[in-house]
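Below: one structure, written as structure tokens.
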Amino acid sequence: MLLRAAWRRAAVAVTAAPGPKPAAPTRGLRLRVGDHAPQSAVTADTTAAPEAGPVLRPLYMDVQATTPLDPRVLDAMLPYLINYYGNPHSRTHAYGWESEAAMERARQQVASLIGADPREIIFTSGATESNNIAIKGVARFYRSRKKHLITTQTEHKCVLDSCRSLEAEGFQVTYLPVQKSGIIDLKELEAAIQPDTSLVSVMTVNNEIGVKQPIAEIGQICSSRKVYFHTDAAQAVGKIPLNVNDMKIDLMSISGHKIYGPKGVGAIYIRRRPRVRVEALQSGGGQERGMRSGTVPTPLVVGLGAACEVAQQEMEYDHKRISKLAERLIQNIMKSLPDVVMNGDPEHHYPGCINLSFAYVEGESLLMALKDVALSSGSACTSASLEPSYVLRAIGTDEDLAHSSIRFGIGRFTTEEEVDYTVEKCIQHVKRLREMSPLWEMVQDGIDLKSIKWTQH
């Protein structure tokens, strides 16, 4: 408590003190604005505390984990957090009607982005819930006739875990391998479809290596074989053009916080013609056409709708700008450092997700060294594990290279200066860590590490 009070006093002292302002934050570090310590009802201790300078924060280069809220999205949300607080399901008064109108406008904005009918959009708490509804919902509804599903080995954890739980219920699941590029073999997909296959689930853009799957071709195969096609498009919606009708997608998962919207909200697209039926996971008041009971959080869905509208307007501009920054980052790192490998297909790839392996450097060590840049060594959902990424293992990456991978995320608000600073620091620390590595020394002496037989002590 005393520490918290001291931080508050320090922040007040920094903002209120007369005289010259504190120096601007150093390049690559952002100033944390205001006092973020929670307020306490207990009176602060009055003893003097040593003055503290402004709190600096790292650069943000992890947009695959989450994105900052676009200020335009916040502007759209604020009225529904303060003045228009009615329950959108209240049908007897104006408070409910205005919230319902806002909810339906958001539904229209989401549908417009993916070329769907607004009635096909169901609001959820995020892509994890959407994936669960799609996979478990379809499988359970058609279980009397169809007991087989197909997915890939590089899907998001929530898709793989949903499939594992269905296996425990007696379903059969085929986990398709991917090629070295990270893309599935369409012939293998066709061969895997059985007469009792109910669903194929393949993600649009991979969250770790940024690889784009051939979604339109997969949709065509599934349509011709009368199998439903679900895609987890959390990393793709609003970033690359998607049309559910042209691509023959039957179910699609969408996340708010991956497209500069609020956390805690998402959506699932469920086709109406031909109609896809799902068994609801949640029991309750039957909201969202009975597929997702629970009061729809108006401010959050308004934010999701606004984020989709902004993404639709700025998609082309954002993509060009992000592609340019990504190229700058990759070229500058690769021309200055040898033995750097880009994971995933360089052609069929979303440019804002760059996964590089730095040979002879431990990825965790590099992350710790790059403490003034917020980066990741893979999925945020599995980043607590020291095991190498299952996605990198699936594309055949050597275990040592998988351990040395770093994911760089470039988004709408990433600047050229931030990219240059990240490149500069990355090169500096990789060189330093390699100088400390006996493996790097052996490679420089011309020793082939694969030919060595290591013994345990």
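Can you give me the Kirkwood hydrodynamic radius for region 128-206, using every pair of distinct Cα atoms, in Å to one decimal?
In region 128-206 this quantity evaluates to 12.7 Å.
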Could you check how much of the accessible area of region 134-233 is carbon and sulfur, as a whole percent, using a 1.4 Å probe? 50
Cross-link pairs Lys320/Lys450; Lys239/Lys431; Lys239/Lys335; Lys248/Lys371; Lys335/Lys450; Lys146/Lys263 - those with Cα-Cα distance over 32 Å: Lys320/Lys450; Lys239/Lys431; Lys248/Lys371; Lys146/Lys263
How big is region 281-370 on each of its three principal axes, counting only the C-alpha atoms and giving the largest first in Å? 59, 32, 25
Rg and Dmax of region 301-452 over Cα atoms: what are they, in angstrom? 17.1, 61
Quick one: give the max-minus-min coordinate of the C-alpha atoms of region 65-169 along each principal axis, largest first, in Å. 48, 35, 26
Go through 412-425, 299-312 and give me the packing order, highest mean Cβ count within 10 Å leading. 299-312, 412-425
Relative packing of peptides 324-336, 440-452, 350-362 - highest average C-beta neighbours within 10 Å first: 350-362, 324-336, 440-452
For Arg393, the net charge from surrounding residues (Cβ-Cβ under 13 Å; K, R +1; D, E -1) works out to -4
Computed Kirkwood radius, in angstrom, where 1/r is averaged over Cα pairs of the chain: 24.4
Name the long-range amide H neighbours of Ser376: under 5 Å, sequence gap of 5 or more, or other chain; modelled H, no Pro or chain starts. Arg407
Taking a temperature of 37 °C and a viscosity of 0.692 mPa s, what whole-number D in µm²/s does Stokes-Einstein yield for region 409-453 with Rh from Kirkwood over alpha carbon pairs? 253
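In Å², and per residue, what accessible area does region 88-236 have when probed at 1.4 Å with the other protein chains present? If you can, show how the numbers build up before the last one.
On the way: 5550 Å² over 149 residues.
Value for region 88-236: 37 Å² per residue.
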So with the 1.4 Å probe, I'd like the accessible area per residue for region 321-437, rounded to whole Å². 43
So what is the 222 nm mean residue ellipticity for the chain from helices alone, if each DSSP H run of at least 4 adds -39500 (n - 2.57) and you divide by all residues, rounding to the nearest 500 deg cm²/dmol? -12000 deg cm²/dmol
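The values are calculated or read from the model by the stated rules, or taken from the named source; none is laboratory data. Values in this document were obtained by computation on a predicted structure and should not be read as measured data. So basically every Cβ, Gly included, is an ideal-geometry build from the backbone, and we count neighbours across all protein chains shown. Please note that ligands, DNA and RNA were not included when accessible areas were found on the heavy atoms of the full protein model with its side chains. Shrake-Rupley method; radii C 1.70, N 1.55, O 1.52, S 1.80 Å.
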